[in-house]
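Shown next, in structure tokens, is the structure this report addresses.
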Amino acid sequence: MPTPEVVRFVVELEGEEVDLGTYDLALRELRTALWDVEEQLTRRPPQVAWIFDDEPVVRAVASPDGVNADTLLRIVREVRAGFKSVLDAEGHPVKWPATFGERAKRAVKKIIRQLERVNTITVAAHDAEPLTISRAVIRYEVGGRVPPLYAEVSSLDGVLDLISVRGRPHFGLEEHVTGRRVRCSFPEAMFEEVKKALGSRVVVEGLVKYRHDGTPVSIGEVRSLWVRPAVQPIAEIVGKFPDFTGGLPAGEYVRRMREDDDDARG
């Protein structure tokens with residue numbers, strides 16, 4: 001593996017509104033966790049200078065200066081393992097990695113408790129697979145005060161807009177039924193397909209997360225994207241297919257269809 005010029009660790013807070021206090025706490029506690037794991041690994045005071053981007057995605061970046069590249073990569077992988085231990089616990093007591101000291105444990109717990117204010121937290125460590133943690137897995141940490149989200153493979157219908165490649169690639173979907181904006185994360189391989197669908201009404205399939213009341217929050221694993229064709233007025237259809245209405249004018253054809261439907265239901 002080539003030596004990286006920089007190593008990244010990302011904590012993405014997803015919610016309808018993420019205030020600056022929540023963002024600032026996540027930034028400070030992530031730095032504490034990174035430094036504590038470094039100290040546990042190297043057995044000396046922290047040397048790494050982590051630099052944070054000024055945006056709602058808490059992205060820590062460091063070059064192999066205070067420690068070598070292998071140690072730096074292990075630091076971010078171990079911190080990711082700490083977040084994964086919370087995810088794997090599924091709301092029960094957490095089995096922390098051996099590299100986690102008490103400061104790192106407290107720091108990750110404080111970040112996880114921000115799920116009282118946001119919907120999901122996504123963690124990405126350099127080239128490792130991102131982890132998404134929802135409210136459903138933190139009952140032990142927050143005493144069950146937060147109504148859990150639930151997830152299932154499903155599809156949503158809406159208008160695709162606001163594509164972003166900062167952090168995990170994602171786009172906004174104005175959901176057709178509720179009018180809510182839903183965040184949809186997609187693999188990089190789908191970027192051209194997503195870009196072509198910008199501004200169109202689409203059907204998106206993936207792992208949809210819902211609130212307890214059934215309203216959608218996000219799609220974390222977009223699997224397919226289908227652009228709905230433009231709706232054609234029946235008069236245009238009749239023009240292309242003259243026998244479509246059996247010789248009736250378009251308005252009369254629609255009226256009779258409605259009457260037949262009412263009779264069938266009556």
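Only a single criterion out of (1) among the aliphatic types (A, V, I, L, M); (2) over 19 Å from residue 31 (Cβ atoms); (3) touching a Lys or Arg at 6+ places or on another chain (Cβ under 9 Å) is not satisfied by residue 86, namely (2).
Being at pLDDT below 90, among the hydrophobic types (A, V, I, L, M, F, W, C) and more than 14 Å from the chain's Cα centre (by Cα) is the requirement here; does residue 182 meet it?
Numbers: at pLDDT below 90: yes; among the hydrophobic types (A, V, I, L, M, F, W, C): yes; more than 14 Å from the chain's Cα centre (by Cα): no.
The answer is no for residue 182.
Please go through segment 186-205 and pick out each residue that is under 16 Å from the mean Cα position of the chain (by Cα), of a type in the set (Asp, Glu) and more than 13 Å from residue 164 (Cα to Cα). Of everything in segment 186-205, just one residue is under 16 Å from the mean Cα position of the chain (by Cα), of a type in the set (Asp, Glu) and more than 13 Å from residue 164 (Cα to Cα), namely 205.
Scanning segment 166-180 for residues that are part of a loop (DSSP other than H, G, I, E, B) and surrounded by fewer than 18 Cβ atoms within 10 Å (Cβ to Cβ) returns 166, 176, 177, 178, 179, 180.
Across segment 50-69, which residue is modelled with the highest pLDDT among those that are surrounded by fewer than 14 Cβ atoms within 10 Å (Cβ to Cβ) and more than 25 Å from residue 21 (Cβ to Cβ)? Taking the candidates together, the pick is 68. Within this structure, residue 77 fails the test of being in contact (Cβ under 8 Å) with a residue 60 or more places away in the chain and charged (D, E, K, R). Look at (1) at pLDDT 80 or above; (2) buried (at least 18 other Cβ atoms within 10 Å of the Cβ) and you find that residue 14 fails only one, number (1). Taking segment 162-219 as the range and being of a type in the set (S, T, N, Q) and farther than 20 Å from residue 12 by Cα as the test, the residues that pass are 178, 200, 215.
Residues checked against (1) surrounded by fewer than 18 Cβ atoms within 10 Å (Cβ to Cβ); (2) at pLDDT 55 or above:
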residue	(1), (2)
115	no, yes
120	no, yes
124	no, yes
127	yes, yes
138	no, no
142	yes, no
147	yes, no
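Among the residues of segment 33-46, are any in contact (Cβ under 8 Å) with a residue 40 or more places away in the chain, hydrophobic (A, V, I, L, M, F, W, C) and under 24 Å from residue 166 (Cα atoms)? Scanning segment 33-46, I find at least one residue that is in contact (Cβ under 8 Å) with a residue 40 or more places away in the chain, hydrophobic (A, V, I, L, M, F, W, C) and under 24 Å from residue 166 (Cα atoms), so the answer is yes.
Being charged (D, E, K, R), more than 30 Å from residue 58 (Cβ to Cβ) and at pLDDT below 75 is a property that residue 260 has. Checked against (1) surrounded by fewer than 16 Cβ atoms within 10 Å (Cβ to Cβ); (2) of a type outside the set (D, E, K, R); (3) under 21 Å from residue 184 (Cα atoms), residue 92 meets all criteria but (3).
I'd like the full set of residues that are free of Cβ contacts under 8 Å to residues at least 60 places away in the same chain and exposed (fewer than 15 other Cβ atoms within 10 Å of the Cβ), limited to segment 204-222.
Of everything in segment 204-222, those that are free of Cβ contacts under 8 Å to residues at least 60 places away in the same chain and exposed (fewer than 15 other Cβ atoms within 10 Å of the Cβ) turn out to be 213, 214, 215.
When we screen 217, 222, 203, 194 for residues that are outside the structural domain of residue 14 (by TED's automatic domain parsing), in a strand (DSSP E or B) and either modelled with pLDDT of 85 or more or basic (Lys, Arg) (or both), the only hit is 203. Does residue 167 satisfy the criteria of being at positive phi, at pLDDT below 85 and in contact with a strand residue (DSSP E or B) (Cβ under 9 Å, 6 or more places away or on another chain)? So residue 167 passes the test.
The values are calculated or read from the model by the stated rules, or taken from the named source; none is laboratory data. Note that this is a predicted model, so its numbers are computed, not measured. With ideal geometry, Cβ positions are generated from the backbone for all residues, glycine too; neighbour counts draw on all protein chains shown.
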